[in-house]
Amino acid sequence: MFTNKQIFGAPLAGVTDKPFRRVVRMFSPDAPLYTEMISCHSLVEQHKNCLRNFDRYDDEGNIGAQIFGADVRLMGDAAKILQDAGASWIDINMGCPVPKVATRSGAGAFLMRDHKLAEQIMRTVVKSVNIPVSIKTRLGWDDAHKNWQDLVNVAVDCGVSFVALHGRTRAQLYLGQSDLPPKPSFNIPVIANGDIKTQDDVQRMQNLGYDGVMIGRAMLGKPWQLGVLSGGCAVPDNIGNIVLQHLNYVLDYYGAKNAIPMFRKHVAWYSAGMPNSAEFRIKINQINDEQELKNTICEFWSCHL
């Protein structure tokens, strides 16, 4: 079975921010984690409305900072900034399928269609930093263009340290079943990603020859899942206390005005499948007061402030 250092926490937009990563670290102190994807333009230009542009990673352990963009120079500059901020490695997003990134910006999954630009970005980022560089990509743009192996070979030639592979095409978005083929022989590790939720899934990826796995949506409402899959912890009993701790981290980071509406989705994920959870979520979505939110959480999970 893979060790905890071979089981990664995936980058999830709107989820894997600094408060969420702090909660994951409670259960997986050594696991490699990713940031949310960071725009090279926003980071280099220091856009004030995006707090993650100013994060420090020195106290986060093994953390990879993921950048996206199509401007070669800015991608190199962004990598330097994140290295200086304490990132353990830099990841280049070559798999994000959303139109804002993959079509209108010519970044993310679009780089699977333009290997020359992808090569320029990889070479520039590798030369810009003294820490490892990885890429995260998909099988291809669509079923007719599953050319991920060509992109991996380009990455090897550019000095990329490892690759994370999501088992869908860009055309699939997040629909259908992830379907990873057996891993071919490469000179760098390939990490399997997509619909990995259980220890059986982890074992299946290992049997296919992958060098590690990456957990994404399985962490929603279950920040302990990395620890569970690596054998480092069990599912905790005191979920309400974990929700409160997560809320406090979000409040500290964003401030109450932004944190409370932002945290509603996490409450929905934490409570999914529990008795009376639908009514609970309706109630949560109407709360705008910090203390009322905490009291309601405590009432639902029978915990104490």
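The values are calculated or read from the model by the stated rules, or taken from the named source; none is laboratory data. Model, not experiment: these values are computed from the prediction. Cβ placement follows ideal geometry from the backbone for every residue including glycine, while neighbour counts extend to all protein chains displayed. Ligands, DNA and RNA are stripped out before the accessible areas are found, and what is left, the full protein with its side chains, is counted by its heavy atoms. Shrake-Rupley method; radii C 1.70, N 1.55, O 1.52, S 1.80 Å.
In sequence order, the range 296-305 has phi-based couplings of 5, 4, 5, 5, 5, 9, 6, 10, 10, 6 Hz under the Karplus curve 6.51 cos²θ - 1.76 cosθ + 1.60, θ = phi - 60°, and Gly or Pro positions carry x.
Put a dot 7 Å past the Cα of Lys265, heading toward its Cβ, do the same for Arg204, and the two dots end up 2.6 nm apart. Counting lysine pairs in the range 44-179 whose alpha carbons fall under 21 angstrom apart, excluding pairs fewer than 8 residues apart on the same chain, gives 10. Solvent-accessible surface (1.4 Å probe) assigned to Lys283 amounts to roughly 90 Å². Counting only Cα atoms, the size of the chain along its three principal axes is 56, 44, 33 Å, in decreasing order. In the calculated pair-distance distribution of the range 114-230, the portion above 24 angstrom amounts to 30 percent of the Cα-Cα pairs. Just so you know, the Cα atoms of the range 187-305 work out to an Rg and Dmax of 17.1, 54 Å. In straight-distance terms, cross-link reach from Lys283 covers every one of the aspartates and glutamates whose alpha-carbon lies under 19 Å from its own, apart from those fewer than eight places away in the same chain; here that gives Glu292, Glu299.
The orientation-averaged projected area of the convex hull spanned by the Cα atoms of the range 191-247 comes to 4.1 nm². Put the Cα centre of the range 230-305 next to the Cα centre of the range 141-196 and the gap is 35 Å.
In angstrom, the C-alpha Rg and Dmax of the range 1-81 are 13.4, 43.
If you average the sequence gap of Cα pairs under 8 Å that are 6 or more apart and divide by the length of the chain, what percent do you get for the contact order? That works out to 16 percent. I'd like the carbon and sulfur percentage of the solvent accessible area for the range 145-202, probe radius 1.4 Å, heavy atoms only, ligands and nucleic acids excluded. The value for the range 145-202 is 46 percent carbon and sulfur by accessible area.
Evaluated at 10 °C with a viscosity of 1.306 mPa s, what Stokes-Einstein diffusion coefficient in µm²/s does the range 74-143 have when Rh comes from the Kirkwood expression over alpha-carbon pairs? So the translational diffusion coefficient is about 128 µm²/s. When the GluC sites (Glu not before Pro) in the range 1-72 are filtered for DSSP coil states and for at most 14 other beta-carbon atoms within 10 Å of their beta-carbon, the remaining sites are Glu45. Taking 20 °C and 1.002 mPa s as conditions, the range 1-159 diffuses translationally at an estimated 135 µm²/s according to Stokes-Einstein applied to its Kirkwood radius (Cα pairs). Projected onto its three principal axes, the C-alpha set of the range 209-275 covers 47, 27, 19 Å, listed from the longest axis down. Full extension of the chain between His145 and His47 yields a length gain of 31.7 nm, computed as 0.36 nm times the residue separation minus the alpha carbon distance. Note on Leu305 and Gln245: their simple-model spin labels are 2.0 nm apart, each label 7 Å out from Cα toward Cβ.
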